[in-house]
Each structure stands twice: as C-alpha cells, then as structure tokens.
Amino acid sequence: MKTAIAIIGAGPSGLLLGQLLHNAGIENVILERKSGEYVLSRVRAGILEQGMVDLLREAKVDKRMNEEGLIHDGIEISVDNKSTRIDLKGLTGGSTVMVYGQTELTRDLMEARAAAGAVTIYEAKNVQPHDLKTDKPYVTYVKDGQEHRLDCEYVIGCDGYHGVARQCIPSDVLKTYERVYPFGWLGILAEVPPVNDELIYASHERGFALCSMRSQTRSRYYIQVSSEDTVEQWSDDRFWEELKRRLPADVAERMVTGPSFEKSIAPLRSFVAEPMQYGRLFLAGDAAHIVPPTGAKGLNLAASDVSTLYRILLKVFKEGRTDLIPKYSEICLRRIWKAERFSWWMTTMMHRFDEFDDFTRRIHAAEFDYFINSEAGRRTIAENYVGLPYEPIE
C-alpha cells in the first residue's frame, strides 16, 4: 500500500492532522495499535484553547462542539480560601476557552474520517518505521497475523509518550528533559452538576484541588494526593470530604455530591524531547512532550504541533517548499517551552510541596499576591491560559 503521509496513532492529534490533510487533498493513512473502542474509552482533557477551537473549525469537525461545548470567559483561583476571578476574555482582548471532553472530540474526528472514506487501520501490531533518512521511508505492521508494508513520503509519530516513533530517533541525536513531581492527581467523574459556572483552581495548605466539568450535568473533580496513594484507598465519601476541605466554605456548602463512575490517579511530570524531527519522521503531541495538567496544556500543545506541521506539509505538497521541513522542530519548541514554563509555574504555585522550607513558602505567597492582585499579573495568567498565538508559517 502507498500513501503520501503515514500517521502512527489515532488519538486526537493523529486524527486531527489526518482530517486537515484529507480536506487539503493530501492522502494519508493512520495506523493505531489499539481498537477504536479502546481509544474512545480513554478519559482525558476537556479544556480547549482558543487556537485549538479555531483549528477544529478549520478542519470542519466543529458542529457538535459548537452545540454542546461550554465557552468559558474566566476561571477562579482560590488561595487559602480566598477566590479571585481571572477574566480571560477581558484581559486577552476577547479570547476564551471551551469545555469539551477529549472523548467527544475524538468521536467527532473518528466519525468525520469514516464519512470521508479515509483509511484508519486499527489493531495494527508491531508498527515500525524504516529508512527515515531516505526519500522513500516506509512503515511495516502486522494486522490479523499478516505483515504489511506502507510506503510513504513522510511519517508522523502521534503515538504518545510510550509509542515507537520517538524510539526511532538515535540516542546520540535525541535529548530529553524531564521533571517528575512528588504527587499525583486523584480525579473522579460523577453525574452531578458542576459546583461553579467556571473552573476553580484551589491552593490550600492540605494540597491542590480543581473543580472542573464535562457538561452541565457531569462534573470532573481532582485533588492532590501522594504519589504512593492508590485508588482503593479513596472511597467516594473520603474524596468528597477532602475536596470540600480545600475549597472556600461557600463553594463546599453548595457542592452536590454523588457516586463516581470513573476514578483514577494520574502522575504529574514535565517532559520534552528535542529535536521533534529526524529525517522524514516528525513527532507531534505526547510523543514529544508531556506537561502536568495544571495549566490545561497537554491536548492543546498537540493541536499547535498539528497546526504547524499541517501548514508546513501544505506548502511542501502544494508549493514544493521543502526548505520549511527542517524548521518544524524549532518552531514547535518555542511554543512548547513557553507552555512547559506556564504548566510548571501553575503546578509549583498551586500544589503543596512537603520539601519546601518556610522561606520558599513565603516567596510563593508573595508571588501569588502579585499575580492575583495586579492587573499585569492576572493578564499574564490569562494570556497563557487561553493559549499563546500560533507562529505563522511563511
């Protein structure tokens, strides 16, 4: 089989890139090692930056998002039970964020790809790229016990942190940067109305908490827990009790609780791989970078990678601009490191670190006082939260 672009991974980044390329008349095939049902079962992010919302509209997969997504003009930050609203729209000249679950977004992209007749091969085992430094790369995989070969012009690794794509870059070429945080997020989904119209980020002496949502009837809540904790240690009752302790009294009082239908603990880490390109292989999304979820940047960074790569490939195939290919990594990394910085800052400021001494805690208090109580500080938070602009490809 032959195609122009071989995409490894049918998560949101691979599907979104595939849809944009298909709409532009650039043939692509997606290879995914899991089943479609498994991909849809993953519960992930739900906050979309303005840039990602615009990109989904450009890809023409925005109908249900426009109907069901919740536009948020602001967020609340609670520090030691005192809340401050960050006016995202007012402080950024009109930018907002959209609450729309990654599962729903993935479903929309899958359905659009199927309707377009584009090829996705699920349960493709032993996927392996070859000859990436030549002008004739190819990918082999096993499907139903038979080995297949997919010839292509470029290979895109959208296969996540544990995928095969990044492993294809030689160790003497690839450099990685990582920070692992000494705690995790215990998160639940429950069929209860959100406690607030906008997200609440809470910094408390007992630890971080986040009040989020997926819809007007489904809520997503998180609390900081030890990295050694297990889900089995946390009953629903214990979770709700601890969450309320970390929130302002008026918020805790109006919270509606109920049984959770999904509960998990996510470790927090920052990770960046450089470069994001090797020969005719490009990395996008979690294959190249991970951020702690505090700044709501993971899925959105993948979208900015996709936007950059799509616009480069468009010029390559339509205008012969192969000079742009080596620029992919440096363009992406400029935005990635800014998002990594913001996610690190939010994580460091909002969470309880047992190893911090009294001096560090007082410095954090002073920093919070500045960022929350000055317009310049609130604007900095708002600009980063709604997403920094995508760099144009010229």
So ARG378, is it assigned to a helix (DSSP H, G or I), farther than 29 Å from GLY160 by Cβ and out of contact with any Gly (no Cβ under 9 Å at 6 or more places or on another chain): yes
Flag if VAL195 is of a type in the set (Val, Ile, Thr) and surrounded by 20 or more Cβ atoms within 10 Å (Cβ to Cβ): yes
Some residue of segment 278-292 being modelled with pLDDT of 95 or more, in contact with a Pro (Cβ under 6 Å, 6 or more places away or on another chain), assigned to a helix (DSSP H, G or I) and not aromatic (Phe, Trp, Tyr): no
Scan of segment 350-375 for residues that are free of Cβ contacts under 8 Å to residues at least 12 places away in the same chain and either charged (D, E, K, R) or in contact with a strand residue (DSSP E or B) (Cβ under 6 Å, 6 or more places away or on another chain) (or both), ordered by number: ASP357, ASP358, ARG361, ARG362, ASP369
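Consider segment 131-155. How many of its residues are of a type in the set (Val, Ile, Thr) and in contact (Cβ under 8 Å) with a residue 60 or more places away in the chain? Don't jump to the end; show me each part of the working.
Let us first name the residues in segment 131-155 that are of a type in the set (Val, Ile, Thr), namely 134, 139-140, 142, 155.
Now drop any that are not in contact (Cβ under 8 Å) with a residue 60 or more places away in the chain, which leaves 134, 139, 155.
Here the count works out to 3.
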All strands (runs of 3 or more DSSP E) inside segment 1-96 with 2 or more residues being surrounded by fewer than 22 Cβ atoms within 10 Å (Cβ to Cβ): 70-72, 74-79, 82-87
Segment 122-143, subset within 14 Å of ILE5 (Cα to Cα) and among the hydrophobic types (A, V, I, L, M, F, W, C), residue surrounded by the most Cβ atoms within 10 Å (Cβ to Cβ): VAL139
Segment 104-130 residues that are closer than 17 Å to GLU147 by Cα, paired with ones that are β-branched (Val, Ile, Thr) and modelled with pLDDT of 95 or more (beta carbon under 6 Å, 6 or more apart): THR120/ILE30; LYS125/VAL142; ASN126/VAL142; VAL127/ILE8; VAL127/VAL164; GLN128/THR140; PRO129/VAL139; PRO129/VAL155
Qualifying residue in segment 245-259 (condition: under 24 Å from GLY25 (Cβ atoms), touching a residue at least 40 places away in the same chain (Cβ under 8 Å) and not in a helix (DSSP H, G or I)): no
Cβ pairs under 6 Å, 6+ apart, first in segment 72-92 and in contact (Cβ under 8 Å) with a residue 60 or more places away in the chain and closer than 19 Å to ARG206 by Cα, second outside any strand (DSSP E or B) and of a type in the set (Asp, Glu): GLU76/GLU198
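I need a count of the residues in segment 97-116 that are of a type outside the set (D, E, K, R), in contact with a helix residue (DSSP H, G or I) (Cβ under 8 Å, 6 or more places away or on another chain) and in a helix (DSSP H, G or I).
Here the count works out to 8.
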Residue selected from segment 244-298 under the condition charged (D, E, K, R) and touching a Phe, Trp or Tyr at 6+ places or on another chain (Cβ under 8 Å), by the criterion farthest from MET213 (Cα to Cα): ARG280
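The values are calculated or read from the model by the stated rules, or taken from the named source; none is laboratory data. These numbers come from a predicted model, not from an experiment. Virtual Cβ from ideal backbone geometry, glycine too; neighbours counted across all protein chains shown.
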